[in-house]
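Comments concern the structure below.
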Amino acid sequence: MTPPADSVRTSTLICLTGPTASGKSAASLALARRWPIEVIVMDSATIYRGMDIGTAKPTAEEQAQFPHHLLDIRDPTQSYSAAEFARDAAALVHDIRSRGHIPVICGGTLLYYKALREGLNELPTSDPATRRQLDDEARARGWPALHAELARVDPATAARLAPNDSQRVQRALEIWRSSGRTMSDWLSHPLRPVLPGWRFATISLEPADRSVLHDRIGRRYQDMMAAGLLDEVRALHQRGDLHPGLPSIRCVGYRQLWDHLEGRVPLEDAIERAIAATRQLAKRQLTWLRAMRERTLIDCLSGQATDQVVAAFAEMTGDSHGTD
């Protein structure tokens, strides 16, 4: 017997995911036409203000059709972690349900989803003074030197981080300096759930033919260039307070144009590298998804993909009628 829709909505959190350019935005719009959903955006790039074209951020018109949360919540100088997403998303889930609406997670940053589903480690809160000190040291010595310092005090954490992974190297050293305990020590303790009592259901848009998705990615990036992406990156470059070590500028499609603006590569090469990097991102996302045992798989290249998402959502919520 199917449980009442209200009880299923309360206990089941649905995530609509898939690699970049798989049609998640169109599918979420189809859901919003039938159910009172509010989308919690699960994307590590659309969080940044002033980064709209290259992140495929929903337009103002699209955002006006139904609520989108966690867009434009950070300046490009700032960082945002999976733990912060998990806490913010959990709070939004309860807030949205309190209004009688249905929260839907939508996006392709699977590390964020892992944190939300599996829970968080108890880690020290951010220490701004230590972070500023580390930033100053990185400017003077470089992040590889700080990575070498991390390797001496916390070899387990250093071994899984690239020497230029500034955000994570900084966080690991910040934890060590402020608490006197290594990150690997903190992470050895059990995870704490952020949404206890909730069940997660995943709808994943994935391509039956990866080469077709690759073609779609190439066309979409060219469309972004025609829409003014280079000018968007130029405006960021001209601010003077941003650099390639920041997570925002490392976003695929941005860092390659940044290199062009700094005279390192011709524009045509930068575009080719950006498309290649986006395809590599899609490959990594698909690897994450295929390791996820429980998911409803829908071919994003099918002409019926959106209808299939709607049908899967109806089954998961126990509500086949929506607002029709």
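Any read-out appearing in this document is the output of simple, stated calculations on the displayed coordinates, not a laboratory observation. Not measured: the values here are computed from a predicted model. Don't worry about glycine lacking a Cβ; one is built from the backbone with ideal geometry, like all the others, and counts go over all protein chains shown.
Given a Förster distance of 45 angstrom, what is the FRET efficiency for R293 paired with A140, based on the Cβ-Cβ distance and rounded to 0.05?
The calculated FRET efficiency here is 0.45.
Please work out how much length the chain gains when fully extended from Q167 to D127, using 0.36 nm per residue of separation minus the C-alpha to C-alpha distance, in nm with one decimal.
13.0 nm
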Modelled label reach - R177, point 7 Å along Cα→Cβ, region 127-165 residues with backbone N closer than 13 Å:
127-143, 146-147, 149-150
Of the candidates Q256, Q65, Q170, which one comes out as most mobile in a Gaussian network treatment of the chain with C-alpha springs shorter than 10 Å?
Q65
Within the chain, the percent of DSSP beta bridges that are antiparallel, given to the nearest 5, stands at 5
Once both label points are put 7 Å beyond Cα along the C-beta direction, the A26-E262 separation in nm becomes 3.7
Taking the simple approach of a point 7 Å from Cα along Cα-to-Cβ for both A227 and H243, what is their distance in nm?
3.1
Net lengthening on full extension, A311/I73 (0.36 nm per residue, minus Cα-Cα):
82.5 nm
5 angstrom amide H check on G119, placed H, neighbours 5+ away
V194
So for the pair R234, K283, with labels modelled 7 Å out along Cα→Cβ, what separation do we get in nm?
3.3
Inverse mean reciprocal Cα-Cα distance (Kirkwood Rh) of region 86-218, Å:
17.8
Selection of GluC sites (Glu not before Pro), region 206-285, meeting DSSP coil and at most 13 other Cβ within 10 Å
E262
Restricting to aspartates and glutamates and to Cα separations under 14 Å from K283, and discarding same-chain partners fewer than 8 apart, the set is E206, D209, D215
Please work out the C-alpha center-to-center distance from region 29-73 to region 82-131 and express it in whole Å.
16
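Figure the gain on full extension for D185 and V153 (residue separation times 0.36 nm, minus the Cα-Cα span) and round it to one decimal in nm.
Here the answer is 10.4 nm.
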In sequence order, what are the phi-derived ³J(HN,Hα) couplings for region 113-125 according to the Karplus relation 6.51 cos²θ - 1.76 cosθ + 1.60 with θ = phi - 60°, rounded to whole Hz, with x for glycine and proline?
5, 4, 5, 5, 6, 8, x, 10, 7, 6, 10, x, 5
The chain, relative contact order in percent, only Cα pairs under 8 angstrom and at least six apart counted
29
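Could you put K57, K114, K24 in order, starting from the residue whose Cβ has the fewest other Cβ atoms within 10 Å?
K114, K57, K24
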For A201, which sequence-distant residues (separation of 5 or more, or a different chain) have an amide H within less than 5 Å of its own amide H, given hydrogens modelled in the peptide plane?
L13, I14, C15
What the Cα atoms of region 240-324 span along the principal axes, largest first and in whole Å, is 55, 25, 25
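Counting other beta carbons within 10 Å of each Cβ, put L111, L229 in order, fewest first. Walk me through the numbers before you get to the answer.
Working: L111 13, L229 23.
Sorted ascending by nearby Cβ count, the order is L111, L229.
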Gaussian network model of the chain, Cα within-10 Å springs - most flexible of R199, R290, R239:
R239
Relative contact order of region 186-314, defined on C-alpha pairs under 8 angstrom at six or more residues apart (%)
39
Only Cα pairs within less than 10 Å get springs; with that Gaussian network setup on the chain, which residue of A151, A60, A90 has the largest fluctuation?
A60
